[in-house]
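The values are calculated or read from the model by the stated rules, or taken from the named source; none is laboratory data. This is a predicted model, so every value here is computed, not measured. Glycine gets a Cβ as well: all are built from the backbone with ideal geometry, and neighbour counts include every protein chain shown. Only protein heavy atoms, including side chains, enter the accessible area calculation; ligands, DNA and RNA are left aside. Shrake-Rupley method; radii C 1.70, N 1.55, O 1.52, S 1.80 Å.
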Amino acid sequence: MDRATQSEAIREATAAMADRMAAEKSFLTDLDSAIGDADHGANMNRGFQAALERLEDADDDPATLVKTVGVALVSEVGGAAGPLYGGSLMKASGELEDGVTAESSVAFAERYLETVEERGKASVGDKTMVDAITPAVHTYKKAIEVDDHDPLEALGKAVDAAERGVAFTTPIRAKKGRASYLGWRSVGHQDPGATSTLYLLEELFAVAEEHLDGDVEIDAEADVDPEELEEAAADGNGGGGP
């Protein structure tokens with residue numbers, strides 16, 4: 001894709017994410033009411049609606065558009081989620097200064113994860129958004145750099161990895177964030193941050209399918225398992241943020 005098409009795709013992806021956050025607002029709130037402040041759905045919806053408004057006046061440059069979305073999320077999403085979702089986008093947007101390519105998208109994903117790690121101080125297994133984003137990024141990177149898949153297929157695998165990461169959060173005890181105050185009572189509840197992360201990736205994948213003219217199954221077998229990442233984190237070989 002040329003830069004104009006890349007910018008168009010980013011705008012479309014943001015709009016799709018905003019629609020998804022609006023549609024899932026109540027469900028995310030229900031998830032958060034069980035183990036958090038009951039505001040995740042409202043916060044994410046408000047943040048992405050604000051992002052759409054800010055994009056109306058933003059330059060058609062991939063890095064600028066992504067940074068603009070990040071700024072809106074930092075400004076409008078309350079609590080720790082604003083810096084984690086939005087601040088990480090702002091930092092990672094610098095990897096797209098020369099446009100969106102397979103290489104720059106991997107760098108973007110890695111920088112996003114690194115920033116979440118730095119800000120959140122959580123690891124895989126802590127029952128946070130990290131349980132979805134970490135396996136997704138690891139899977140995407142491996143699919144492109146090791147297995148030589150095209151970005152669309154790699155993204156399909158990443159979504160599958162994130163979905164398994166969300167399922168992984170349900171039976172474990174929260175160790176970070178407000179949910180950690182519940183101790184073992186947090187067991188049996190799906191993490192709202194991991195869930196919204198999955199939704200955002202699903203919308204990104206759907207838009208990518210349209211622009212890359214592909215047809216890839218989201219349940220393409222991902223090679224990275226959340227439990228393996230949790231073991232690596234416990235051994236000091238990996239980590240994540242909430």
**Message:** Taking the alpha-carbon distance from residue 127 and a cut-off under 17 Å, which lysines remain once sequence neighbours fewer than 8 residues away in the same chain are dropped?
**Reply:** 175, 176
**Message:** Among the listed pairs 121/157; 25/142; 67/157; 91/121, which have their C-alpha atoms separated by more than 23 angstrom in this model?
**Reply:** 121/157; 25/142; 67/157
**Request:** Return the carbon/sulfur percentage of the accessible area of the chain, one whole number, probe 1.4 Å, all protein chains in place.
**Result:** 46
**Asked** Under a GNM of the chain (C-alpha, springs under 10 Å), which listed residue has the highest mean-square fluctuation: 183, 120, 165?
**Response** 183
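For the range 80-184, what number results from the quotient of the Cα radius of gyration and 2.2 N^0.38 Å?
Numbers: Rg = 14.5 Å, N = 105, 2.2 N^0.38 = 12.9 Å.
Dividing the Cα Rg of the range 80-184 by 2.2 N^0.38 Å gives 1.12.
Given the rule -39500 (n - 2.57) for each run of at least 4 DSSP H residues, summed and divided by the residues of the chain, what is its mean residue ellipticity at 222 nm, to the nearest 500 deg cm²/dmol?
Mean residue ellipticity, 222 nm, calculated: -20500 deg cm²/dmol.
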**Request:** Within 10 Å, count the other beta carbons around each residue, average over each peptide in 198-206, 98-106, and list them highest first.
**Result:** 198-206, 98-106
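So if I place +1 on the C-beta of Lys and Arg and -1 on the C-beta of Asp and Glu, and nothing else carries charge, what would the dipole magnitude of the chain be about its Cα centre? I want it in debye, nearest 20. It would help to have the intermediate numbers written out before the result.
Numbers: 21 positive and 50 negative charges, 318 e Å.
Its charge dipole is roughly 1520 debye.
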**Complete:** Normalised per residue, the volume inside the convex hull of the alpha-carbon atoms of the range 3-240 in Å³ amounts to 105
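Show me the ranking of peptides 126-135, 54-63, 26-35 by mean Cβ neighbours inside 10 Å, starting with the highest.
Working: 126-135: 30.9, 54-63: 15.9, 26-35: 18.9.
In descending order of packing, they fall as 126-135, 26-35, 54-63.
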**Message:** Along the Cα→Cβ direction, 7 angstrom out, place labels at residue 178 and residue 146. What is the inter-label distance in nm?
**Reply:** 3.8
**Request:** Show the residues, 5+ positions off or on another chain, whose built amide H is closer than 5 Å to the amide H of residue 122.
**Result:** 240, 241
